[in-house]
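Chemist: Here's a structure for you.
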Amino acid sequence: MKVIVLGAGVLGVTTAYYLAKQGAEVEVLDRQAGPGMETSFANAGELSYGMTSPWAAPGIPMKAVKWLFMRHRPLFIWPLISPTMWAWGIRMLSNCNADSYKINKGRMVRISNYSRDQLTDLMRDVKLDFDQRERGTLQLFRTEKQVKSSKADQEVLAEYDSPFEVLDKDACIAAEPALALVKKKFVGGLRLTADRTGDCRMFTLALADKAAELGVKFRYGVTIDKFTTENGHITGVHTDMGQETADKYVCCLGPYAPVLLKTIGIRLPIYPIKGYSITLPVTDPDAAPQSTIMDETHKVAITRLGDRIRVAGQAEIIGYNKRLGAHATDTVRYVVSDLFPKGGDVSRAEGWTGLRPMTPDGTPVIGPTRFDNLFLNTGHGTLGWTMACGSGRAVADAVLGKEPEISFDGLTAARYGQ
Ligand SMILES: Cc1cc2nc3c(=O)[nH]c(=O)nc-3n(C[C@H](O)[C@H](O)[C@H](O)COP(=O)(O)OP(=O)(O)OC[C@H]3O[C@@H](n4cnc5c(N)ncnc54)[C@H](O)[C@@H]3O)c2cc1C
């Protein structure tokens, strides 16, 4: 069976790998010059099994208003005249209630936990170097109010069997010794002990090499324009290099999936939510983070990746805009300088911006579609790296006609009536 995978981000590459591993003939098409060049390029590097939750949660609308007025704000909304953007926003707000949160969280955790197990198995199978560590995430609280409101999160974590520790100031320093230098800046933390970290792009590159060894053909510099269809069947993809055909197709185009799918009448509410990161060299390993520290006030994650520090965050609602303005990374620069003033060299930081493929309910869109040979693996929003191995494996199994090990119930485009 020949399968074309559209997109060579972390989702496309994991899908291709699991397909090839089970004997399929696979071709991957991407417009970039290599794998993982767009949203998978420089994310926060968190494998956030414990933090797998939708952004749409009770209380978020009020918090969002507060965030909009902060000096180093986690959220920025441009007042664009865009019906798609406002429709997405209204849909997201309609998910900010306890019942929807529970449903959406349950769906996301299903993929996330499966992903953790798949990554563990994968690393047993093949040697992959992506600056990985298994030292958890430390959610750092700067105020007593944050400590108090974390009680609700702890109940949810316990309900989903996600291991955690509540830490006082000294215990935070025991987990992240460099925080001893900034003792006065925080009051406590919550440590998600099962979380891991690693460089998503390095992983994507390394796994693409393993996939190529299994026979996957990667074709870069190919822009896909549209699908061709006949009676509920995909007959090919039209690209700037000509028509490509296969038996089955998997769409892993991240934030651009809805653009292409719209041409065949599949309307997905995936909106590009812009984020930023910087990557800086470690100058003093003892003054640098050991794992991920999530600054709860600014919603910025600081992650140790080998001899580098990755700092990422912000949610900017501005459509498909990938401009990296002169002051765009001021917030992430401020947070790392504030918490790890001697850990890395901010003057040598490299800036980056990427578009999270966000659904309003936080859950990705994976599995079959109404076209008998088209499958989706997209819409992973803030957690595409965390969910990649589980999503890739489950979709590959479905493409090959096998029963996936997790149910697609509530994960497919059918939940949007598509
Ligand atoms: C600031 C930031 C921090 C993040 N931090 C984390 C984190 O810590 N942990 C986590 O789990 N997730 C994180 N994420 C989310 C994660 O990075 C994404 O969910 C994930 O990278 C999405 O992968 P993808 O393969 O779906 O999309 P992409 O990586 O964007 O891949 C899509 C591919 O499709 C190709 N493509 C698109 N359109 C076309 C076309 N027309 N023709 C040909 N090719 C096309 C692109 O070139 C691209 O290679 C973060 C995101 C951001 C922005």
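Chemist: Does residue 376 fit the bill of being of a type in the set (A, V, I, L, M), away from the ligand (no atom under 11 Å from the Cβ) and over 17 Å from residue 48 (Cβ atoms)?
Modeler: Considered against the rule, which asks whether it is of a type in the set (A, V, I, L, M), away from the ligand (no atom under 11 Å from the Cβ) and over 17 Å from residue 48 (Cβ atoms), residue 376 comes out as no.
Chemist: When region 60-70 is examined, which residues are found to be of a type outside the set (A, V, I, L, M) and surrounded by 12 or more Cβ atoms within 10 Å (Cβ to Cβ)?
Modeler: 61, 63, 67
Chemist: Next question, about the same structure. Within the set of pairs 6 or more residues apart or between chains, which connect a residue that is of a type in the set (D, E, K, R) inside region 147-170 to a residue that is in a helix (DSSP H, G or I) with Cβ atoms less than 7 Å apart?
Modeler: From region 147-170, the pairs are 169/183.
Chemist: Is region 223-240 home to any residue that is modelled with pLDDT of 95 or more, among the aliphatic types (A, V, I, L, M), farther than 29 Å from residue 386 by Cα and surrounded by fewer than 17 Cβ atoms within 10 Å (Cβ to Cβ)?
Modeler: Scanning region 223-240, I find no residue that is modelled with pLDDT of 95 or more, among the aliphatic types (A, V, I, L, M), farther than 29 Å from residue 386 by Cα and surrounded by fewer than 17 Cβ atoms within 10 Å (Cβ to Cβ), so the answer is no.
Chemist: Collect the residues in region 71-93 that are loosely packed, with under 13 Cβ neighbours inside 10 Å and either outside any helix (DSSP H, G or I) or at pLDDT below 90 (or both), keeping them in residue-number order.
Modeler: The answer is 71, 78, 79, 81.
Chemist: Also, I was wondering about something else. From the set of residues in region 44-70 that are part of a loop (DSSP other than H, G, I, E, B) and either farther than 24 Å from residue 353 by Cβ or of a type in the set (Asp, Glu) (or both), which is nearest to the ligand (Cβ to nearest atom)? So that I can check it myself, show each step before the final result.
Modeler: Within region 44-70, the first condition is being part of a loop (DSSP other than H, G, I, E, B), and the residues that meet it are 44-45, 48-59, 69-70.
Add one more test, that the residue is either farther than 24 Å from residue 353 by Cβ or of a type in the set (Asp, Glu) (or both), and what stays is 49-50, 57-59.
Values: 49: 10, 50: 12, 57: 17, 58: 23, 59: 22 Å.
Per the stated criteria, the residue is 49.
Chemist: For region 323-338: of the residues being of a type outside the set (A, V, I, L, M, F, W, C), part of a loop (DSSP other than H, G, I, E, B) and without any contact (Cβ under 8 Å) to a residue 12 or more places away in the chain, which is surrounded by the fewest Cβ atoms within 10 Å (Cβ to Cβ)?
Modeler: Here the residue is 327.
Chemist: Continuing with the same structure: Which of (1) touching a Pro at 6+ places or on another chain (Cβ under 8 Å); (2) modelled with pLDDT of 95 or more does residue 67 not meet, given it meets every other one?
Modeler: Just one mismatch for residue 67, condition (2).
Chemist: Also, quick follow-up: Report every pair of residues separated by at least 6 positions or lying on different chains whose Cβ atoms are under 8 Å apart, first residue within region 208-233 and without any contact (Cβ under 8 Å) to a residue 40 or more places away in the chain and under 14 Å from residue 36 (Cβ atoms), second among the hydroxyl-bearing types (Ser, Thr, Tyr) and outside any strand (DSSP E or B).
Modeler: none
Per-residue answers, yes or no, for (1) on the phi < 0 side of the Ramachandran plot; (2) of a type in the set (Asp, Glu); (3) free of Cβ contacts under 8 Å to residues at least 12 places away in the same chain:
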{"position": "102", "(1), (2), (3)": "yes, no, yes"}
{"position": "113", "(1), (2), (3)": "yes, no, no"}
{"position": "128", "(1), (2), (3)": "yes, no, no"}
{"position": "136", "(1), (2), (3)": "no, no, no"}
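Chemist: Another question about this same structure. How do the pairs read when you match residues in region 311-322 that are buried (at least 20 other Cβ atoms within 10 Å of the Cβ) with residues anywhere that are outside any strand (DSSP E or B) and among the basic types (Lys, Arg), using Cβ under 9 Å and keeping only pairs 6 or more apart or on different chains?
Modeler: As it stands, the answer is 311/333; 313/299; 314/73; 314/299; 315/299, since those pairs meet every condition given.
Chemist: Examine region 330-350 for a residue that is within 11 Å of the ligand (Cβ to nearest atom) and more than 22 Å from residue 181 (Cβ to Cβ), and state whether such a residue exists. Steps first, please.
Modeler: Of the residues in region 330-350, the ones within 11 Å of the ligand (Cβ to nearest atom) are 332.
With the extra rule that they be more than 22 Å from residue 181 (Cβ to Cβ), the set shrinks to none.
No: region 330-350 contains no residue that is within 11 Å of the ligand (Cβ to nearest atom) and more than 22 Å from residue 181 (Cβ to Cβ).
Chemist: Of the conditions (1) in contact with a Leu (Cβ under 9 Å, 6 or more places away or on another chain); (2) basic (Lys, Arg); (3) crowded, with 20+ Cβ neighbours inside 10 Å; (4) within 13 Å of residue 34 (Cα to Cα), residue 196 satisfies every one except a single condition; which number is it?
Modeler: The single condition residue 196 does not satisfy is (4).
Chemist: Do you know which of the residues in region 379-406 that are more than 25 Å from residue 92 (Cα to Cα) and within 12 Å of the ligand (Cβ to nearest atom) is farthest from the chain's Cα centre (by Cα)?
Modeler: 395
Chemist: Any residue that is away from the ligand (no atom under 11 Å from the Cβ), surrounded by fewer than 22 Cβ atoms within 10 Å (Cβ to Cβ) and within 21 Å of residue 36 (Cβ to Cβ) - is there at least one of those in region 282-291?
Modeler: For region 282-291, residues away from the ligand (no atom under 11 Å from the Cβ), surrounded by fewer than 22 Cβ atoms within 10 Å (Cβ to Cβ) and within 21 Å of residue 36 (Cβ to Cβ): absent.
Chemist: Output the number of residues of region 203-226 satisfying the condition of being in contact with a His (Cβ under 9 Å, 6 or more places away or on another chain) and in a helix (DSSP H, G or I).
Modeler: Count: 0.
Chemist: Here's another thing I want to ask about it. What about residue 208, is it touching a helix residue (DSSP H, G or I) at 6+ places or on another chain (Cβ under 6 Å) and of a type in the set (Gly, Ala, Ser)?
Modeler: Considered against the rule, which asks whether it is touching a helix residue (DSSP H, G or I) at 6+ places or on another chain (Cβ under 6 Å) and of a type in the set (Gly, Ala, Ser), residue 208 comes out as yes.
Chemist: Looking only at region 344-379, count how many residues are surrounded by fewer than 24 Cβ atoms within 10 Å (Cβ to Cβ), small (Gly, Ala, Ser) and in a loop (DSSP other than H, G, I, E, B).
Modeler: Within region 344-379, residues that are surrounded by fewer than 24 Cβ atoms within 10 Å (Cβ to Cβ), small (Gly, Ala, Ser) and in a loop (DSSP other than H, G, I, E, B) number 1.
Chemist: Further, regarding this structure: Return a yes/no flag: does region 227-246 have any residue that is small (Gly, Ala, Ser) and either within 11 Å of the ligand (Cβ to nearest atom) or part of a helix (DSSP H, G or I) (or both).
Modeler: No, there is no match, as no residue in region 227-246 is small (Gly, Ala, Ser) and either within 11 Å of the ligand (Cβ to nearest atom) or part of a helix (DSSP H, G or I) (or both).
Chemist: Identify all residues within region 382-407 that are small (Gly, Ala, Ser) and surrounded by fewer than 24 Cβ atoms within 10 Å (Cβ to Cβ); write none if there are none. Before you say what the answer is, go through the steps one by one.
Modeler: Here is the first cut: in region 382-407, the residues small (Gly, Ala, Ser) are 384, 388, 390-392, 394, 396, 398, 401, 407.
Matches in region 382-407: 398, 401, 407.
The values are calculated or read from the model by the stated rules, or taken from the named source; none is laboratory data. From a predicted model like this one, the values you see are computed outputs, not experimental measurements. Because the Cβ atoms are built from the backbone with ideal geometry, glycine has one as well, and the counts that use them run over all protein chains shown.
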